[in-house]
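In what follows, a single structure is set out as structure tokens and then discussed.
The values are calculated or read from the model by the stated rules, or taken from the named source; none is laboratory data. None of these values were measured; they are calculated from a predicted model. Cβ sites come from the backbone with ideal geometry, for glycine too, and all protein chains shown count toward neighbours.
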Amino acid sequence: MKNITVIGSGTMGNGIAHLFALQGFAVALVDLSAEQLTKAVATISKNMDRQINKGTLSEAEKAAALQRIQTHTDLASGVKHADLVVEAATEKVDIKLELFSQLDQLAPANAVLASNTSSISITQIAAVTQRPTQVIGMHFMNPVPVMKLVEVIRGYATSDEITTQIMQLSLQLDKVPVEVQDYPGFVANRILMPMINEAIYTLYEGVAGVSEIDTVMKLGMAHPMGPLQLADFIGLDVCLSILRVLHDGFGNPKYAPCPLLVNMVTAGFKGAKSGEGFYSYPAGTKDYPVSPRFSK
Ligand code: NAD
């Protein structure tokens with residue numbers, strides 16, 4: 001594989017483009033607007049500067065990597081030469097199904113179509129294409145250049161050959177791939193989201209406060225970040241929608257989202273990206289106090 005097309009240049013798409021470009025692949029980065037793509041390339045450049053400051057990247061390597069990234073607003077020209085497409089567009093089923101049906105028409109017949117979805121069924125995505133054996137999940141973690149894991153999700157029809165190829169490619173990217181089957185939440189979110197939901201229930205029921213819950217999990221379980229702060233960084237709306245996928249997919253009440261989470265998302269308190277969740281996120285500082293709503 002030489003030519004990689006990344007669809008969507010938001011948080012994950014720019015990280016995925018960054019990773020592939022640094023590893024020497026030609027990257028076509030596709031998004032809906034030129035403004036978004038300009039912003040994404042500026043973010044990639046800024047993130048590479050961080051690596052330069054840490055001494056893990058040279059200016060020349062950065063320049064060469066940026067040269068390997070071409071941007072496109074036209075899907076057809078973006079996927080024309082793709083060996084692999086990694087889709088990292090907005091997490092909405094209708095967007096993904098429409099995209100994969102177009103990708104199937106536009107990408108070369110032998111191209112592998114991967115999705116970075118956190119929770120949408122790979123089997124469902126594959127079913128809208130004429131090449132379900134070549135559709136797979138490649139679930140990178142945020143921030144992509146830093147996090148080692150790639151959850152490689154086999155759809156019901158994904159072939160052994162394509163799975164092996166994507167596992168090997170992930171190793172080539174210096175990641176650690178883990179092969180999992182396509183069931184709701186895969187592995188990462190099936191385990192993480194119930195923990196986050198339980199932390200929110202613990203707060204909701206008044207068992208302990210925000211910083212107490214996070215401290216127990218940080219110091220007691222050696223988690224680098226408490227579950228409530230992690231939920232804020234993931235986005236409370238994202239947590240809610242993944243819990244709904246688990247709840248719908250398994251039909252088991254143990255996945256029912258905590259009413260407090262539902263209320264917060266409905267009221268627009270989505271965590272770090274909206275400025276407030278369980279903590280407050282004032283601009284210009286990394287000192288995040290517990291939200292006044294939850295401080296005693
Ligand atoms: P984001 O909202 O930051 O970016 C999505 C981008 O996709 C936007 O720039 C949007 O303009 C673009 N887009 C939407 N429809 C498009 C289309 N038809 N064609 C081209 N571009 C289109 O989202 P994100 O956080 O980067 O998430 C992207 C995917 O990665 C989702 O499937 C999400 O579940 C998954 N994911 C996210 C995280 C995370 O921590 N944010 C972690 C793992 C996986």
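Brief remarks follow.
- Test for T43: is it surrounded by fewer than 16 Cβ atoms within 10 Å (Cβ to Cβ), within 15 Å of the ligand (Cβ to nearest atom) and either among the β-branched types (V, I, T) or closer than 20 Å to K175 by Cβ (or both): no
- Yes/no for D232 being surrounded by 20 or more Cβ atoms within 10 Å (Cβ to Cβ) and of a type outside the set (S, T, Y): yes
- Of all residues in the range 92-116 being buried (at least 21 other Cβ atoms within 10 Å of the Cβ) and part of a loop (DSSP other than H, G, I, E, B), the one that is nearest to the ligand (Cβ to nearest atom): N116
- Hey, F25 under 19 Å from the mean Cα position of the chain (by Cα) and surrounded by 13 or more Cβ atoms within 10 Å (Cβ to Cβ) or not: no
- Selection count where residues are surrounded by 15 or more Cβ atoms within 10 Å (Cβ to Cβ), among the β-branched types (V, I, T) and out of contact with any Ser or Thr (no Cβ under 6 Å at 6 or more places or on another chain), scope the range 46-85: 2
- Test: residue in the range 246-266 that is touching a strand residue (DSSP E or B) at 6+ places or on another chain (Cβ under 7 Å) and crowded, with 17+ Cβ neighbours inside 10 Å: no
- Answer from Q130, Q134, Q168 - the residue that is out of contact with any helix residue (DSSP H, G or I) (no Cβ under 7 Å at 6 or more places or on another chain), more than 11 Å from the ligand (Cβ to nearest atom) and of a type in the set (S, T, N, Q): Q168
- Checking each residue in the range 21-40 for being more than 10 Å from the ligand (Cβ to nearest atom), farther than 17 Å from L103 by Cβ and touching a strand residue (DSSP E or B) at 6+ places or on another chain (Cβ under 9 Å) picks out A21, F25, A26, A34, T38.
- Meets criteria (more than 21 Å from G251 (Cα to Cα), assigned by TED's automatic domain parsing to the domain that holds E87, over 21 Å from the mean Cα position of the chain (by Cα) and of a type in the set (D, E)) for D214: no
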